[in-house]
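Written below as structure tokens is the structure these notes are about.
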Amino acid sequence: MFKARLRAPAIAIVAIVFASVLASPAHAAATKYPLTISSGGFKTTISKEPKRIISLSPSATEIFFSIGAAKQVLLVDSLSNYPKSAPISDISAFEPNVEAIVGKKPDLVLLSVDAMKSTEIRNALIKLKVPVLMEKAPTQLSDVYAEINVLGKVTNKQIKANALSKKMSTDIKGILASAKKSTGVRIFHELDDTYYSVTSDTFIGRVYKDFGVVNVADAAAGADSYGYPQLSAEYLLKSDPQAIFLADAQYGVTTESVAKRAGWSQISAVKNNKVFALTADVPSRWGPRLVDFYRDIAKALAKIS
Amino acid sequence: MIKINNLSVRYGDFYALNHITLEIPRGTWTCLVGPNGAGKTTFLKTLLGNKAYDGSITIDGLEVYKNLRNVAFVPQRPEIPAGMDVAEYVMLGRARLDGWGRESKKSRQFVHTILEETQLLGLQHQLVTQLSGGEMQRVLIARALVQEPEIMILDEPTSALDLHHQISTLNQIDRLKDSGTTIISTMHDITLGAMYAERIIVMHKGQVLLDGPSNEVIHSPELKKAFDNGISIFTLDSGRPVIVASRELPAP
Amino acid sequence: MQTQEMGRIWHWRTTVFVGILLAFILLLGVSFGPISLDFTKIIRTLFGFSGGLKDEERTLLLELRLPRVLLAALVGAALATSGAVYQTVFRNPLADPYLLGAAAGAGLGATLAFTGSNKTFYAALPLFAFLGAVLAVAATFLISGKAFSDPATLLLSGIAIGSFATAVQTYLQQRNSQVLRPVYSWILGQLTVADWNVVKWASIYIVLALFILIRMSRLLDGLLLSDEEAFSLGISPNKIRIIAIAAATLATATAVSASGLIGFVGIVVPHLVRGLTKRATNRALFTVALTGAGFLVLADLGARTLLSPAELPIGVITAFVGAPFLLFVLRAKRVMK
């Protein structure tokens, strides 16, 4: 009689405990090593949890430090200036010195596919028993989350990585939702003071596209097959952007200097004081600060009625 | 035997050499004389084979542009290379005979002999850029001599030499006739030319004005005409002719 | 009486000395780098004795450093010898192996390879650079027309072809912004990742070309004289010029395709040898090749150790050494006069 009355609840309790154990994120999300993972078009095998990572990509560096893998990062390349606490070195992300890298005895190197002779460098490092994770520049937002997840898996920080991706996704969606639908607002994203810009085919261009704005560089898309055409002052006068975003503010270009350019005072953005300096490096990194990029654009567009 | 048949060298309408036909037998010394611009140097260079020509020039039946015979050339104005010493410069004359490879023992001995005979041994380690005009000329001739050439072509070979060296050099060239070398030279000094060459060809405006044994040509009126009557011919007691420029140029 | 003969024309002592120096420099080249290796162990590994380096260190020495140093030696020899030959052919002490448009052609080839988003194009970069250099020189000859063997005409044609190739290259770079950085990097010259594969095919072409040129050295000396004099010595000046330029271009194109555009070697090294031996004849070619090899190995050593772990482009080192050296040579010449 005692057994019969306890059987159903007992089974229920066991079932619940069992289910919760199975569903526990700590358990399921622990990375199993050795790990073989695809990234950047290459397969990489990592034998154990990396504790001495050399990151040769500023964006990847930012991601590592946001998913709690900071202690696992040994060195970062010369351009990885964020966060400030990252152990910056003289190693070039674009032309890395294989011997110098090997000399630091890393157990994982993160290398961009766009580095000079990246395939040969990868092969040389592998020959010297250093695993290499290749990174390809993202073309759209989902690529960014994919990279975050890969880096999370590799460093056994999957929970934090997933959390970061989720938070970024939520934040960006939120920014886009609350941003006034700026359909038709004409914008110009300035890369440098010779008026190189980005079309909507580029990663940066897609960010603007999400806001529904009109990118004046799109009309010049034919001028460069990679989506980075050089515009002329005359063309900018004609297309009359209502907002100008300065990605070159860190190189000394200011709203005042832009206003001083010959003929530019006729451009709506200049007339109405809608020239915005973007935070240094933010547009060119695809890590956690991507959200800041969206936020900066939203803030700027909000000023345009 | 050199056979020249209807040889012409044209620059557009201008004939530097105008339909020349003659033969030069083996082992003779022919001297070309004539005023500046007569075509003497052009003739020599064409004979060498490096110039384009109409007509035919053959040495033992082979056209000269094929460069199949051993023809030495002593230019009036050589290209003086930097960073080469006299030994190497003269040794270049043996290069073809050594198959363009390492110098043979024979070459090394022969060059030494020639440098000794031309009193140039002391200069062998001098850079050719540091030679005086006269030394350069003697070195040029030494280079031609070491070639053991079948034909030797000389363009004003003694113009920079002192009297002593003029005679000794020409004597040495003269000895080549004994081994069958054919010599063709131009000389401004007709007296000297007549001393060594048994045949003189007088050229004028790209054509052969006069061609014959030295003695005859010297004393002929055409010679005087070729130089616009600006020369006088004297005969020494020994019978040797001496040709000098006249002070008075008669009215044209 | 024993016939006396001429003494040695060339001082082989100089060549032997340079050869020994080169061996020493090669050893230096593999011994230094960001990772320090035990010197005795290096020697043991290189000569196959026991007790040498193991595992990763051994791989580092044999798979990374050794091919790189050998490639530097080959490229240095190729550029120096080509430079010397060009100086003979053009009778100009400032001629370098990139005359006649070879550099611009190679640059254009490299740009094309970088431009194709096609991975196979990129992998074929050395081939593109090589073809670019060779085709540019061929084009130079073509547009020279009948005067194709006149040095002055060739020089002018080379300038024309070079300018054209550069213009096309610039246009391509403008239309394909992503290639700007890799092309610029390539132009500065780099030996960063050399493997045995590169060394293999580079050595075949370069050794072949240098062998031809050194074998031709007496013929090349004839080119230092006027065309008539050369002809009288049995040389066909036009034919020899073409063969010389072809062989030198082969060496240069191979060097460029393996390591980008490294400048100054072709001018500085022949002058260096000339200054030491007081001779500018082609008997010096073998010595020039050895000196060029040593020169570039030293430059590469500097490139990867001076600012370690960053790598200086090797073209920067050769320019830093080459420019003042040239000035020194020119001043010395003036003083001598």
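I'd like to check something: does the stretch C:251-266 contain any residue that is aromatic (Phe, Trp, Tyr) and more than 16 Å from the chain's Cα centre (by Cα)?
Within the stretch C:251-266, not a single residue is aromatic (Phe, Trp, Tyr) and more than 16 Å from the chain's Cα centre (by Cα).
Take the residues in the stretch C:159-179 that are within 12 Å of chain A (Cβ to nearest Cβ) and more than 14 Å from C:Ala113 (Cβ to Cβ); name whichever of them is surrounded by the fewest Cβ atoms within 10 Å (Cβ to Cβ).
Here the answer is C:Tyr171.
Does A:Lys167 count as surrounded by fewer than 21 Cβ atoms within 10 Å (Cβ to Cβ), at pLDDT 90 or above, within 15 Å of the chain's Cα centre (by Cα) and not assigned by TED's automatic domain parsing to the domain that holds A:Ser80?
The answer is yes for A:Lys167.
Test each condition in (1) within 14 Å of chain B (Cβ to nearest Cβ); (2) more than 21 Å from C:Ala103 (Cα to Cα) for C:Ile243 and report the one that comes out false.
(2)
Would you mind stating whether A:Lys157 is of a type outside the set (S, T, N, Q) and surrounded by fewer than 20 Cβ atoms within 10 Å (Cβ to Cβ)?
Taking the combined requirement at face value, the residue does not satisfy it.
Being surrounded by 23 or more Cβ atoms within 10 Å (Cβ to Cβ) and in a loop (DSSP other than H, G, I, E, B): is that true of A:Ile101 here?
no
Taking the stretch A:65-95 only, how many residues are touching a Leu at 6+ places or on another chain (Cβ under 6 Å) and of a type outside the set (Val, Ile, Thr)?
5
For A:Lys136, indicate whether it is within 29 Å of A:Val291 (Cβ to Cβ) and either out of contact with any strand residue (DSSP E or B) (no Cβ under 7 Å at 6 or more places or on another chain) or within 8 Å of another protein chain (Cβ to nearest Cβ) (or both).
Yes; evaluated as a whole, the condition is true for this residue.
Restricting attention to the stretch B:77-108, and to residues there that are surrounded by 20 or more Cβ atoms within 10 Å (Cβ to Cβ) and closer than 21 Å to C:Lys239 by Cβ, which single residue is farthest from the other protein chains (Cβ to nearest Cβ)?
Looking at residues that are surrounded by 20 or more Cβ atoms within 10 Å (Cβ to Cβ) and closer than 21 Å to C:Lys239 by Cβ, I get B:Arg94.
Got at least one residue in the stretch C:81-103 being in a helix (DSSP H, G or I), of a type in the set (A, V, I, L, M) and within 14 Å of chain A (Cβ to nearest Cβ)?
no
For C:Ser149, are the conditions met, namely being in a helix (DSSP H, G or I), of a type in the set (S, T, N, Q) and either more than 23 Å from the chain's Cα centre (by Cα) or surrounded by fewer than 24 Cβ atoms within 10 Å (Cβ to Cβ) (or both)?
Answer is no for this residue.
Working carefully through the options B:Ile190, B:Ile200, B:Ile153, B:Ile141, find the one that is away from chain C (no Cβ under 14 Å), at pLDDT 90 or above and surrounded by 23 or more Cβ atoms within 10 Å (Cβ to Cβ).
None of the others qualify; the one that does is B:Ile200.
Only strands (runs of 3 or more DSSP E) wholly contained in the stretch B:140-252 count here; list those with 3 or more residues that are more than 30 Å from B:Tyr53 (Cα to Cα).
B:231-235, B:241-245
Considering only residues of the stretch B:36-53 that are more than 13 Å from chain C (Cβ to nearest Cβ) and part of a loop (DSSP other than H, G, I, E, B), which is nearest to C:Ile235 (Cα to Cα)?
Here the residue is B:Tyr53.
Got a number for residues in the stretch C:188-234 being within 8 Å of another protein chain (Cβ to nearest Cβ), outside any helix (DSSP H, G or I) and not acidic (Asp, Glu)?
Residues flagged as within 8 Å of another protein chain (Cβ to nearest Cβ), outside any helix (DSSP H, G or I) and not acidic (Asp, Glu) within the stretch C:188-234 amount to 9.
Can you tell me which residue is surrounded by the fewest Cβ atoms within 10 Å (Cβ to Cβ) among those in the stretch C:13-36 that are in a helix (DSSP H, G or I) and over 23 Å from the mean Cα position of the chain (by Cα)?
Here the answer is C:Arg13.
Given the structure, is B:Thr41 touching a residue at least 60 places away in the same chain (Cβ under 8 Å) and not aromatic (Phe, Trp, Tyr)?
Spelling it out, B:Thr41 is indeed touching a residue at least 60 places away in the same chain (Cβ under 8 Å) and not aromatic (Phe, Trp, Tyr).
Return the total of residues in the stretch B:75-114 being under 23 Å from the mean Cα position of the chain (by Cα) and in contact (Cβ under 8 Å) with a residue 24 or more places away in the chain.
Counting residues in the stretch B:75-114 that are under 23 Å from the mean Cα position of the chain (by Cα) and in contact (Cβ under 8 Å) with a residue 24 or more places away in the chain gives 18.
Failed condition for C:Ser144, given (1) touching a residue at least 12 places away in the same chain (Cβ under 8 Å); (2) closer than 22 Å to C:Ala73 by Cβ; (3) away from chain A (no Cβ under 14 Å), with all others met?
Condition (2) is where C:Ser144 drops out.
Condition test on B:Leu170, is it in contact with a strand residue (DSSP E or B) (Cβ under 6 Å, 6 or more places away or on another chain) and either surrounded by 21 or more Cβ atoms within 10 Å (Cβ to Cβ) or closer than 17 Å to B:Lys40 by Cα (or both)?
No: the conditions fail for B:Leu170.
Take the conditions away from chain C (no Cβ under 14 Å) and either of a type in the set (A, V, I, L, M) or closer than 28 Å to C:Arg279 by Cβ (or both) and apply them to B:Leu131. Does it pass?
Yes.
Could you list, in sequence order, all residues of the stretch A:57-80 that are under 14 Å from the mean Cα position of the chain (by Cα) and touching a residue at least 24 places away in the same chain (Cβ under 8 Å)?
A:Ser57, A:Pro58, A:Ser59, A:Ala60, A:Thr61, A:Glu62, A:Ile63, A:Phe64, A:Ser66, A:Ile67, A:Ser80
How many residues are at pLDDT below 90 and facing another protein chain (nearest Cβ under 9 Å) if we restrict to the stretch B:60-76?
Result for the stretch B:60-76: 1.
Condition test on B:Lys66, is it surrounded by 14 or more Cβ atoms within 10 Å (Cβ to Cβ), free of Cβ contacts under 8 Å to residues at least 60 places away in the same chain and more than 12 Å from the chain's Cα centre (by Cα)?
Taking the combined requirement at face value, the residue does not satisfy it.
Take the conditions crowded, with 20+ Cβ neighbours inside 10 Å and outside any helix (DSSP H, G or I) and apply them to A:Tyr208. Does it pass?
no
Here's the yes/no breakdown for (1) touching a helix residue (DSSP H, G or I) at 6+ places or on another chain (Cβ under 6 Å); (2) crowded, with 24+ Cβ neighbours inside 10 Å:
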{"position": "C:Pro270", "(1), (2)": "yes, yes"}
{"position": "C:Lys278", "(1), (2)": "no, no"}
{"position": "C:Asn282", "(1), (2)": "yes, yes"}
{"position": "C:Gly292", "(1), (2)": "yes, yes"}
{"position": "C:Leu296", "(1), (2)": "yes, yes"}
{"position": "C:Asp300", "(1), (2)": "yes, yes"}
{"position": "C:Thr305", "(1), (2)": "no, no"}
{"position": "C:Leu312", "(1), (2)": "yes, no"}
{"position": "C:Val316", "(1), (2)": "no, no"}
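Would you mention how many residues in the stretch B:200-220 are farther than 20 Å from B:Gln166 by Cβ and out of contact with any Leu (no Cβ under 7 Å at 6 or more places or on another chain)?
9
Is one or more of the residues making up the stretch B:65-74 more than 24 Å from B:Ala226 (Cβ to Cβ) and part of a helix (DSSP H, G or I)?
yes
Kindly establish whether C:Thr59 is surrounded by fewer than 20 Cβ atoms within 10 Å (Cβ to Cβ), β-branched (Val, Ile, Thr) and either more than 13 Å from every other protein chain (Cβ to nearest Cβ) or assigned to a loop (DSSP other than H, G, I, E, B) (or both).
no
The values are calculated or read from the model by the stated rules, or taken from the named source; none is laboratory data. Owing to the predicted nature of the structure, the values given are computational and were not obtained by experimental measurement. Every residue, glycine as well, gets a Cβ built from its backbone with ideal geometry; the counts of neighbours run over all protein chains shown.
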